[in-house]
Amino acid sequence: MSLPASETRVLTGIEASLVARDPRLRSLFAIFTRLTLHEAMPAREQLRRRHWRLRPGPVIVIALVFVLVGVVLGSLAGPAHVCSSATPHRAASTAPGNPCVPATGSRPGVP
């Protein structure tokens, strides 16, 4: 198993700092490597490669939070227009595509 270059650099730096503190350590590392060179690594010390994936639970929770924030912000903004029940249907029908008239009661195009 080969390590990524960044991890190899970190391990090399750790080795260099240990050898600088204790010069005999290099020869002890060499002896240990020679003795264990042909042995298999114990299963409990082997690293398993992890596959990262999104779990559906947190994704659903985040989506629900966004929906709730949208609902709250939408309700705080208030209505875009006001429909008045006192307005006659004739006046409301003069506005093309809009069954409600503005809150002031004026119609477009009428001063």
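Of all residues in the range 24-41, one or more are among the basic types (Lys, Arg), assigned to a helix (DSSP H, G or I) and at pLDDT 85 or above. Taking the residues in the range 1-13 that are aliphatic (A, V, I, L, M) and closer than 21 Å to Leu37 by Cβ as candidates, determine which candidate is surrounded by the fewest Cβ atoms within 10 Å (Cβ to Cβ). Among them, the one singled out is Met1.
The values are calculated or read from the model by the stated rules, or taken from the named source; none is laboratory data. Just so it is clear, the model here is predicted, and its values are computed rather than measured. Quick reminder, even Gly has a Cβ in these numbers, built from the backbone with ideal geometry, and neighbours come from all protein chains shown.
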